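Enquirer: Here it is, the structure, as structure tokens.
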Amino acid sequence: MTTTPDGTTPRTPMPHTPTPDTPTPGGLTADLYELRTPIGEASLFVPTDWFDLLTDGRDEERGAIRIKELVTLAYAHRPPDVQSSITDTFHAARRLFLDDGMISCGLITLETTAEDDAVTWQICAGVIEVSPLDPDISAGEVLARHFGEQLEGKQVYVESFPTAMGTGFGLVSQPGVHASGGVDTFPELPADGGAPVSSRYAAQLGMAAALSCPVGGGSGLLVVGNCFNPEQVVSLASLVALICGKSTVRRYEEDAGKVTTP
């Protein structure tokens, strides 16, 4: 992807039409790897200096070079075996996100300073289809539909906001991680006078998500960010909302090859 001076990364391909029946390495079929005609493009408003795992697309060699550079710079203080494990994780995540049709996965890491704790953020973006919206529908109802989970009675904050594509919906949550490894994406609210939510979990994370789409439905952009420190979730949410609010998605018309604006 190329980056323009205003901080956007335009012409990021949206999911493509697969070319069937072509064998690929590892026994996987071409519906995961062989991409033919783009169905549209996204102009992403993202930081110009972050590391995007998906910049190199299916070019494994270039992707490996960039990941090695990132790990060497960001984790120079870690022993070689830890660096190797982190590298393997990035490679696996990169392939998984590409297979899932994501168009961007940015990483932001900053070391601990005298004023602030360490920052480890991951922000992913993908194009999804959104049905026409009822004018009276709430932000919680829209996002619950795409997360497949009810938000009533959960410790989650939701709001609506205007975007370059029409309308946007955002949420902020602090997922709880159980000692067993299970995760509650949207923790239940504590009972009146009950123990705080944090007491139920071995750890908590921060999560912010935002969806931007035309009011009449169509192709929308879903942006989801995660951070290791739950106290940083408000700052994370500001960046997620900025990316989602200023980015646009345009779908090509199948019959004329033209672009349909949001």
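Enquirer: Counting Lys and Arg as +1 and Asp and Glu as -1, what is the net charge of the other residues whose Cβ lies under 10 Å from the Cβ of ALA144? Provide the component values of the computation, followed by the final result.
Expert: Working: positive: ARG145, LYS154; negative: GLU141, GLU149, GLU152.
That sum, taken over residues with Cβ under 10 Å, equals -1.
Enquirer: I need the phi-derived Karplus couplings for the stretch 195-203: 6.51 cos²θ - 1.76 cosθ + 1.60, θ = phi - 60°, integer Hz, Gly and Pro marked x.
Expert: 5, x, 4, 4, 5, 7, 10, 6, 7
Enquirer: Can you classify the stretch 34-193 as rounded, prolate or oblate using the Cα gyration tensor, where a ≥ b ≥ c are the square roots of its eigenvalues, rounded means a/c under 1.5, and otherwise it's prolate if a/b beats b/c and oblate if not?
Expert: Oblate.
Enquirer: I'd like the distance separating the alpha-carbon centroids of the stretch 46-88 and the stretch 171-214, in whole Å.
Expert: After rounding, the separation between the Cα centres reads 29 Å.
Enquirer: Can you tell me the length gained on complete extension of the stretch ILE39 to SER131, counting 0.36 nm per residue apart and subtracting the Cα distance? Provide the component values of the computation, followed by the final result.
Expert: Details: separation 92, 0.36 × 92 = 33.12 nm, distance 1.80 nm.
My answer for the length gained is 31.3 nm.
Enquirer: Right, here's the next one. Which FRET efficiency value, to the nearest 0.05, is calculated for ARG58 and SER85 with the Förster distance at 35 angstrom and r the Cβ-Cβ distance?
Expert: FRET efficiency, ARG58 to SER85: 0.90.
Enquirer: Separate question: At most 15 other Cβ atoms within 10 Å and a DSSP loop assignment: could you name the trypsin sites (Lys or Arg not before Pro) in the stretch 51-110 that fit?
Expert: Numbers: sites: ARG58, ARG62, ARG66, LYS68, ARG94, ARG95; in loops: ARG58.
When the trypsin sites (Lys or Arg not before Pro) of the stretch 51-110 are filtered for loop state and at most 15 Cβ neighbours within 10 Å, ARG58 remain.
Enquirer: Between the DSSP loop rule and a limit of at most 15 other Cβ atoms within 10 Å, which GluC sites (Glu not before Pro) in the stretch 66-173 are left?
Expert: Counting only loop positions with at most 15 other Cβ atoms within 10 Å, the GluC sites (Glu not before Pro) in the stretch 66-173 are GLU111, GLU115, GLU149, GLU152.
Enquirer: On to the next question. Would you mind ranking TRP50, TRP121 so that the residue whose beta carbon has the fewest other beta carbons within 10 Å leads the list?
Expert: Ascending Cβ contact count within 10 Å gives the list TRP50, TRP121.
Enquirer: On a full-extension model of 0.36 nm per residue, what is the gain between LEU189 and ASP116, subtracting their alpha-carbon distance, rounded to one decimal in nm?
Expert: Difference between extended and current length: 23.4 nm.
Values quoted throughout were computed directly from the atomic coordinates according to the rules given, and no laboratory measurement underlies them. The structure displayed is predicted, hence computed values, not measured ones. Because the Cβ atoms are built from the backbone with ideal geometry, glycine has one as well, and the counts that use them run over all protein chains shown.
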